[in-house]
Amino acid sequence: MQIRFFLMTLVKSLGFEPVLTVNGLRGLLVLNKASPDLIILDVMMPEKGGALVYRELKTRPEFKNIPVIIYTGVDRDAFLHYIKMLNVKLKTKIPEPEFFVAKSDDPQYLKMIIEKCISTHESKGN
């Protein structure tokens, strides 16, 4: 709850309207009704973990062009190793996340990454 409140406040301070969910399963359900400019995804979530949600985001055509920021307390190398293991059995490989931010990083850094992520997405015409 504290992280969701923090993210909501941070995203609103940048002029965006956040949509928050309590877990990965709900997040995917919300995506069936909404088309966000950006997804900020934690790895450690109940019901459906962030790595599995990330896999769906990057392998389903309707979601794969939505930019994703992985925002987590999980070590980047551990997350990338897990993605590599998931890729062993997949025809369509899951790409490494372009944006990975540790929860311990400065909030100003996360703001900068959000702005960069959205501007990169917009410049690609998405």
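Within the stretch 2-31, can you find the residues that are closer than 26 Å to Y82 by Cα and either surrounded by fewer than 17 Cβ atoms within 10 Å (Cβ to Cβ) or β-branched (V, I, T) (or both)? Within the stretch 2-31, I3, R4, L20, T21, V22, N23, L25, R26, L29, V30 qualify. Within the stretch 1-23, residues that are closer than 17 Å to P36 by Cα have Cβ atoms under 9 Å from residues that are of a type in the set (F, W, Y) and exposed (fewer than 11 other Cβ atoms within 10 Å of the Cβ) in these pairs: L20/F5, counting only partners at least 6 apart in sequence or on another chain. With respect to being under 22 Å from K116 (Cα atoms) and assigned to a loop (DSSP other than H, G, I, E, B), V11 falls outside the description. Looking at K48, K93, K58, which is the one that is farther than 27 Å from Q2 by Cβ, touching a helix residue (DSSP H, G or I) at 6+ places or on another chain (Cβ under 8 Å) and without any contact (Cβ under 8 Å) to a residue 60 or more places away in the chain? Criteria check complete, one pass: K93.
If the condition is being more than 17 Å from L52 (Cβ to Cβ) and basic (K, R), then the stretch 92-126 contributes K103, K111, K116, K124. Can you tell me how many residues within the stretch 51-90 are among the small types (G, A, S) and under 19 Å from I113 (Cα atoms)? Counting residues in the stretch 51-90 that are among the small types (G, A, S) and under 19 Å from I113 (Cα atoms) gives 1. Checking each residue in the stretch 17-32 for being closer than 20 Å to T72 by Cα and of a type in the set (V, I, T) picks out V19, T21, V22. Of note, V19 does not satisfy the criterion of being of a type in the set (V, I, T) and assigned to a helix (DSSP H, G or I).
A short reminder: the numbers here are calculations on the coordinates, not readings from a lab. What you see is a predicted model; the values in this text were computed from it and never measured. All Cβ positions, even for glycine, are placed from backbone atoms using ideal geometry, and neighbour counts span all protein chains on display.
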